[in-house]
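Inspection log for the structure reproduced underneath, given as structure tokens.
Each value in this text was obtained by applying a stated rule to the coordinates, not by laboratory testing. Source: prediction; values computed, not measured. No Cβ is skipped: glycine too gets one built from the backbone with ideal geometry, and neighbour counts run over all protein chains shown.
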């Protein structure tokens, strides 16, 4: 199964594209809510990786929709700003890595590193709110959670990446 397979072209959205993106967004949000009780264990990273492999840059629409839904459900806060650049950053990394035909192991490592450095990436708004000391303090305080995030992302990607890609390929080929 080639990882470069995409269901969508990078051109305008069709009705079918909108349906796929909407269903994917619903799966993403339901998965996030289902695992909310576990601290820093999520499949959002994995799903964004898989979606980007199949949808390309159009996955950015899912990311912005996801951020909007999260804001409606949980209110707007500093994390809302973080989501506006964190998820697009991951999507763009996967998009460009996928063009180089990287393999399964790369995505496992990427998801682990993304979890490990999630707190560092999220500390950026605190530079503007309280300066370097606030940003660094906030990041260091969250390192134990980032370690959990790293390990859980790696393990979940290791276990679920291939089955999810297989399912996506099957769904897409049965259009």
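Using only Cα atoms and rounding to the nearest 10 degrees, what angle (0 to 90) does helix 59-74 make with the longest principal axis of the chain?
So the helix axis and the longest Cα principal axis differ by about 50 degrees.
Order these by the 10 Å Cβ neighbour count, fewest first: 36, 17, 146.
In order of increasing Cβ crowding within 10 Å: 36, 17, 146.
Let's test the formula: R0 of 25 Å, r as the Cβ-Cβ distance of residue 136 and residue 35. What FRET efficiency results, to the nearest 0.05?
Numbers: r = 29 Å, r/R0 = 1.15.
Here the calculated transfer efficiency is 0.30.
With semi-axes √(5λ) of the Cα gyration tensor in Å defined as stated, name the option among (i) 22, 18, 17; (ii) 24, 20, 15; (iii) 28, 18, 15 computed from the structure displayed.
Label of the calculated value: (iii).
Could you please rank 31, 14, placing first whichever residue has the fewest other Cβ atoms within 10 Å of its Cβ?
Ordered from fewest to most neighbouring Cβ atoms within 10 Å, 31, 14 come out as 14, 31.
Estimate the FRET efficiency between residue 69 and residue 102 by the formula 1/(1 + (r/R0)^6), using the beta-carbon distance for r and 22 Å for R0, to the nearest 0.05.
Efficiency for this residue pair is about 0.15.
For labels at residue 128 and residue 92 in the simple 7 Å Cα→Cβ model, what's the distance in nm?
1.6 nm
Pairing the Cα long axis of helix 104-116 with the longest principal axis of the chain, what angle in degrees results, from 0 to 90 and rounded to the nearest 10?
20 degrees
Angle between the Cα long axis of helix 15-34 and the longest principal axis of the chain, 0 to 90 degrees, nearest 10?
40 degrees
Measure off 7 Å from each Cα along the Cα-to-Cβ vector at residue 80 and residue 121, then give the distance between these two points in nanometres to one decimal.
Placing both labels 7 Å along Cα→Cβ, they lie 2.1 nm apart.
I need 48, 54, 106 ordered by Cβ neighbour count within 10 Å, fewest first.
Fewest-to-most ranking of 48, 54, 106: 106, 54, 48.
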